[in-house]
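Worksheet: the structure to be examined is printed underneath.
The values are calculated or read from the model by the stated rules, or taken from the named source; none is laboratory data. All values reported here derive from a predicted model rather than from experimental measurement. Here Cβ is always computed from backbone atoms with ideal geometry, including for glycine, and neighbour counts include all displayed protein chains.
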Amino acid sequence: MPKKAKAWACEYCGVIFVLKEECVKHEDRCFSNPDARVCRSCANYPIRRRCQSNFADMYCDEYTPRKLVKSD
C-alpha cells in the first residue's frame, strides 16, 4: 500500500518536487514565472528567438511578459 508523502509544487507550473530546495531553485528559472524573464515566457519569443543558448538573453531590454496558462 502506498504511503502519503509531503511534496512541493511549483507555484507557476505545478511541477512536483520532493525537496523544497529543488522546488525553489526550479521556480527561479521556471518558464512560467514572469519574474524569471526567461525567453520562453516572453511575448517576443515565438516571433524572434534572440537567445543563442539556454537563458542567454534572460534579462534583455526587450523582455515583454506574456500571459501563461497555469497547468492543473
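Here is a yes/no grid of residues against (1) of a type in the set (Gly, Ala, Ser); (2) over 14 Å from residue 15 (Cβ atoms); (3) at pLDDT 75 or above; (4) part of a loop (DSSP other than H, G, I, E, B):
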| residue | (1), (2), (3), (4) |
| --- | --- |
| 27 | no, no, yes, no |
| 49 | no, yes, no, yes |
| 68 | no, no, no, yes |
| 72 | no, no, no, yes |
Meets criteria (exposed (fewer than 10 other Cβ atoms within 10 Å of the Cβ) and among the small types (Gly, Ala, Ser)) for residue 9: no
Residue count, region 1-25 (criterion: in a loop (DSSP other than H, G, I, E, B) and out of contact with any His (no Cβ under 7 Å at 6 or more places or on another chain)): 13
